[in-house]
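Have a look at the structure below before the remarks.
The values are calculated or read from the model by the stated rules, or taken from the named source; none is laboratory data. This structure is a prediction, so every number in the text was calculated from the model and none was measured. Every residue, glycine among them, receives a Cβ derived from its backbone with ideal geometry; neighbour counts consider all protein chains shown.
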Amino acid sequence: MDLNKAKQSFKEYVSHYDVKEPRIELKIVHMYHVAEKARKIAKSLGLSEEEQDLAELIGLLHDIGRFEQWKQYGTYSDKLSMDHGQKGVEILFGDKQIRNFIKEEMYDTIIYKAISNHNKFEIEKGLSQEEMLYCKIVRDADNLDIFRMVLESKPEDYGHLGSRDVSKEVLSPAFFEDFQKERPLLYSKAKTDMDIMVAIIAHIYAINFMETLRIIQENNYIDCFVKHIHAQDENYTKPKMDEIANYARNYINRKLEE
């Protein structure tokens, strides 16, 4: 597996899109970060160099469907456009682009399953142990980098939220209650953009590996995230977001102590 060639092929692929468009650039940077994080997680699991290479490659390619999604629809909302995970595997395997990134065919099924499942609410049933492993690695890496993306972005750059000022949004009481049930939240059930922010924090409930939780803890992502959102509704949203941060922090600490 030649990762350098894969990265060069990736540069060539994205060069066909408007790389100066901020939303395109945002995704390119995200994909590099997810690749890096996927490798770090794989290394923490004691995987071999080649297995780490595979994890990094999947991270690099996981959002390859996003570019056509933006080109065709001008949005990163799957609900309003297309399933970008499915589009990614159509590009890589339907259009035979995968051979530009990796010559070996032995990993095709793993790559296909990991990319097609990375954006699903739940991983499909019936996967092999190895397929499941890489699905979990890329999902953890993706969820982890979403925190970085929001923290380094302006409100208008938040992937699905348009240009609205999230700080002025209110939190739905039902979403606050659901967060405390310690399970991932469906974006489709969000009534406000603040609900979506809470759904992002709830990604912690879908984390598969201790290394991912340690990175969240070490970077103080939860508190920084809530502070960055800067909720302005003093009557309900701001105090509830502070409660969510405290709840999430305690959840992570508890998991790391198990």
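The table that follows gives values for the structure above.
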item: Boolean, residue 74 is under 16 Å from the mean Cα position of the chain (by Cα) and of a type in the set (Gly, Ala, Ser); result: no
item: Boolean, residue 102 is over 17 Å from residue 10 (Cβ atoms) and aliphatic (A, V, I, L, M); result: no
item: Filter result (modelled with pLDDT of 75 or more and either within 13 Å of residue 196 (Cα to Cα) or buried (at least 21 other Cβ atoms within 10 Å of the Cβ) (or both)) within the stretch 137-164; result: 137, 138, 139, 140, 141, 142, 143, 144, 145, 146, 147, 150
item: Pairs with Cβ under 7 Å, 6+ apart, first in the stretch 100-125 and within 15 Å of residue 90 (Cα to Cα), second of a type in the set (Asp, Glu) and part of a helix (DSSP H, G or I); result: 109/131; 110/130; 110/131; 113/131; 118/142
item: Unique residue being over 30 Å from residue 189 (Cβ atoms) and out of contact with any strand residue (DSSP E or B) (no Cβ under 7 Å at 6 or more places or on another chain) when the list is 55, 38; result: 55
item: Enumeration of residues in the stretch 82-124 that are assigned to a loop (DSSP other than H, G, I, E, B) and surrounded by 17 or more Cβ atoms within 10 Å (Cβ to Cβ); result: 82, 101, 102, 107, 118, 119, 123
item: Residues of the stretch 56-81 that turn out to be of a type in the set (S, T, N, Q) and in a loop (DSSP other than H, G, I, E, B), as a count; result: 3
item: Of all residues making up the stretch 201-236, the number that are in contact (Cβ under 8 Å) with a residue 12 or more places away in the chain and closer than 20 Å to residue 253 by Cβ; result: 24
item: Filtered residue count, the stretch 89-130, keeping only those that are modelled with pLDDT under 95 and of a type in the set (Gly, Ala, Ser); result: 1
item: Members of the stretch 237-247 found to be closer than 20 Å to residue 206 by Cα and free of Cβ contacts under 8 Å to residues at least 60 places away in the same chain, listed by number; result: 245, 246
